[in-house]
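Participant: Please read through the structure below; I'll follow up with questions.
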Amino acid sequence: MKGKSLISINDYTKEEQLRILEIAKDFESNPSQNLLNNKVVATLFFEPSTRTRLSFESAVCRLGGKVIGFSDSSSTSVKKGESLKDTIITVSNYSDLIVMRNPVEGSARFASEVSKVPVINAGDGANQHPTQTLLDLYTILQTQHTLDDLHVAFVGDLKYGRTVHSLVIALCNFNCTFHLVSPTELKLPSAVKIHIKEKKLAYYQYTDLNDVLPLVDILYMTRIQRERFSDPLEYERVKNLYNLNKSMLEHTKENMKVLHPMPRVNEIDIDVDDSPKAHYFQQALNGVYVRQALITSILGLK
Amino acid sequence: MVKELKVSALENGTVIDHIPSKSVFKVIKILNLENYENQILFGINLESKKFGTKGIIKVHNKYFKKEEINKIALVAPSATLITIKDFQIIEKTSLQIPNYIEGIVKCFNPNCITNIEKVVTKFNLVPDQEIKLRCHYCEKITGKNNLAFI
């Protein structure tokens, strides 16, 4: 994977994805490894982020590398109207690797074409967020000790959630059964279901969260975002449909784990946090290991 | 016959026949014939047994490469390509939509980088009955109903 940008999850084969997870496991048991001596990683965040940016920067710091970049493009020449192309060419002269989040879809692919150094997509609008997918896969593997033949439920906004789309596509390589819980207006788009059908896997659609609770190994919760609705009444109607609380975990499988890409609002009650089945903070921590694995393999150090 | 007099015969070159009348100017643009220096004849709203009306373009002394001519399949899928040498028809072929299209079609997604910065559009054809083009950049699918040309 040396020198290979990661823009879409499908840029990496199943084997390459598994290799990243394997390296991540090594970082989990030994997170501080001084591999990035004299290396500079640029983190260009054109829109806000907590977990993604900080876990990338934490990953670089724990590897002994240096970070340059910005978390808000208003303090840069972008504000003066500089093009993305010029920004990327300039920054690629200053760094060994670029990590970028940009609200414009396709911006990451374009950046990888003009950059002299590899680019990792940390989110391009509603399009792709492949490092989230890798850390989700890692977390599933960590909790279930396999990625094969699992029953996975996705709950909430399945229409617009890019993390859901990419993870569903990635899990299609592992013979999963999909349980899709959403309001009818936020169902998984057919463009994503095509991937499930191509692999001849089973998927079931529900509107009631309680129907899937006893069935699944992974419960992947998502936030329903207010900004997706043109009608505020519609949002009010669906926003409290899927609130997971501790008592609902009683009839779930022993090995079941609750995941969430975060930030959460009210879809997971805070009383779930203490349950051994809650795994979303660990999931966010795994982001550091997976990003360490990705950075070191792209730079040819692992 | 009166019909034949409308457009004079070609000694050497290419005839693009059965173009939908409304697409003739788009074909001229896609093939960059606006900057071609030899003689070009074209007709619009001509009678056609198959289609009611049709358009036709005759380009003197020019033979197109397959990948070049196939670009017009997006606007004129029914077009026939006729190669002529010494007034004789050498070959008659239909068009095929290319698997990869660069720089002709506009991505319908307003939030795609190609609509925000100066980036040449690139699409891959999605195998389907209808025209479906997946943007190389934003990965959204531009379909038949929102197909627009640059």
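Participant: Confirm whether B:T142 is crowded, with 16+ Cβ neighbours inside 10 Å, closer than 21 Å to A:A191 by Cα and more than 11 Å from every other protein chain (Cβ to nearest Cβ).
Facilitator: Yes, satisfied.
Participant: I'd like the residue in region B:86-116 that is surrounded by 15 or more Cβ atoms within 10 Å (Cβ to Cβ) and either charged (D, E, K, R) or assigned to a helix (DSSP H, G or I) (or both) and, out of all such residues, is farthest from the other protein chains (Cβ to nearest Cβ).
Facilitator: B:K106
Participant: Among (1) at pLDDT 95 or above; (2) part of a helix (DSSP H, G or I), there is one condition A:V41 misses while meeting the rest; what is its number?
Facilitator: With (1) at pLDDT 95 or above; (2) part of a helix (DSSP H, G or I) applied to A:V41, the lone miss is (2).
Participant: Which members of region A:155-177 meet the condition of being within 12 Å of the chain's Cα centre (by Cα) and either at pLDDT 95 or above or outside any loop (DSSP other than H, G, I, E, B) (or both)? Before the answer, list the steps.
Facilitator: Keep residues of region A:155-177 that are within 12 Å of the chain's Cα centre (by Cα), which gives A:161-168, A:170.
Within region A:155-177, A:R162, A:T163, A:V164, A:H165, A:S166, A:L167, A:V168, A:A170 qualify.
Participant: Only one residue in A:A59, A:A108 is in contact with an Asp or Glu (Cβ under 9 Å, 6 or more places away or on another chain), under 30 Å from A:L141 (Cα atoms) and in a helix (DSSP H, G or I), so which one is that?
Facilitator: None of the others qualify; the one that does is A:A108.
Participant: Just a yes or no: is a residue in region A:66-74 modelled with pLDDT under 95, over 16 Å from B:I116 (Cβ atoms) and in a helix (DSSP H, G or I)?
Facilitator: yes
Participant: Residues of region A:87-104 being in a strand (DSSP E or B) and touching a residue at least 60 places away in the same chain (Cβ under 8 Å), which ones?
Facilitator: A:L97
Participant: Can you pull out every residue in region A:61-90 that is under 26 Å from A:A24 (Cβ atoms) and surrounded by fewer than 22 Cβ atoms within 10 Å (Cβ to Cβ)?
Facilitator: Those that are under 26 Å from A:A24 (Cβ atoms) and surrounded by fewer than 22 Cβ atoms within 10 Å (Cβ to Cβ): A:C61, A:R62, A:G64, A:K66, A:V67, A:I68, A:G69, A:S71.
Participant: What's the number of the condition A:H179 fails, among (1) free of Cβ contacts under 8 Å to residues at least 60 places away in the same chain; (2) within 25 Å of A:M248 (Cα to Cα); (3) in contact with a Cys (Cβ under 8 Å, 6 or more places away or on another chain)?
Facilitator: Of everything listed in (1) free of Cβ contacts under 8 Å to residues at least 60 places away in the same chain; (2) within 25 Å of A:M248 (Cα to Cα); (3) in contact with a Cys (Cβ under 8 Å, 6 or more places away or on another chain), A:H179 misses just condition (3).
Participant: Assigned to a helix (DSSP H, G or I) and either touching a residue at least 40 places away in the same chain (Cβ under 8 Å) or within 30 Å of A:C172 (Cβ to Cβ) (or both), is that true of A:E16?
Facilitator: Values: assigned to a helix (DSSP H, G or I): yes; either touching a residue at least 40 places away in the same chain (Cβ under 8 Å) or within 30 Å of A:C172 (Cβ to Cβ) (or both): yes.
Yes; evaluated as a whole, the condition is true for this residue.
Participant: B:I131 versus (1) under 27 Å from A:Q128 (Cβ atoms); (2) touching a residue at least 40 places away in the same chain (Cβ under 8 Å); (3) surrounded by fewer than 16 Cβ atoms within 10 Å (Cβ to Cβ): which is the lone unmet condition?
Facilitator: (3)
Participant: Test B:L133 against the stated conditions and say whether it is within 14 Å of another protein chain (Cβ to nearest Cβ) and part of a strand (DSSP E or B). Please lay out each step first, then the result.
Facilitator: Working: within 14 Å of another protein chain (Cβ to nearest Cβ): yes; part of a strand (DSSP E or B): yes.
Answer is yes for this residue.
Participant: Looking at (1) within 14 Å of chain B (Cβ to nearest Cβ); (2) buried (at least 24 other Cβ atoms within 10 Å of the Cβ), which is the one condition that is false for A:V155?
Facilitator: Condition not satisfied by A:V155: (1).
Participant: Name the pairs whose Cβ atoms lie under 8 Å apart, with the first residue in region A:216-230 and over 19 Å from A:D269 (Cβ atoms), the second at pLDDT 95 or above and part of a strand (DSSP E or B), and 6 or more positions between them or separate chains?
Facilitator: A:D217/A:H151; A:D217/A:V152; A:D217/A:K257
Participant: So, of the residues in region B:49-59 that are surrounded by fewer than 16 Cβ atoms within 10 Å (Cβ to Cβ) and touching a residue at least 24 places away in the same chain (Cβ under 8 Å), which turns out to be farthest from B:V24 (Cα to Cα)?
Facilitator: Result: B:K50.
Participant: Let me ask something additional. So A:R109 clears everything in (1) within 10 Å of chain B (Cβ to nearest Cβ); (2) surrounded by 24 or more Cβ atoms within 10 Å (Cβ to Cβ); (3) under 23 Å from A:V192 (Cβ atoms); (4) in contact with a strand residue (DSSP E or B) (Cβ under 7 Å, 6 or more places away or on another chain) except one condition, right? Which one?
Facilitator: The failed condition is (4).
Participant: Here is a follow-up. Could you tell me whether any residue of region A:178-187 is modelled with pLDDT of 95 or more, touching a His at 6+ places or on another chain (Cβ under 9 Å) and under 19 Å from A:L259 (Cα atoms)?
Facilitator: Yes, there is a match, as at least one residue in region A:178-187 is modelled with pLDDT of 95 or more, touching a His at 6+ places or on another chain (Cβ under 9 Å) and under 19 Å from A:L259 (Cα atoms).
Participant: Pairs only if they're at least six apart or on different chains, beta carbon under 7 angstrom, first in region A:188-199 and within 16 Å of B:G143 (Cα to Cα), second modelled with pLDDT under 95 and of a type outside the set (S, T, N, Q); list them, first residue then second.
Facilitator: Every condition considered, the pairs that remain are A:P189/A:K159; A:A191/B:I141.
Participant: Which numbered condition in (1) buried (at least 16 other Cβ atoms within 10 Å of the Cβ); (2) within 16 Å of the chain's Cα centre (by Cα) is the only one that B:K66 fails?
Facilitator: All conditions are met except number (1).
The values are calculated or read from the model by the stated rules, or taken from the named source; none is laboratory data. Treat the numbers as computed from the prediction; the structure is a model and nothing was measured. Using ideal geometry, Cβ is built from the backbone for each residue, glycine included, and neighbour counts are taken over all protein chains shown.
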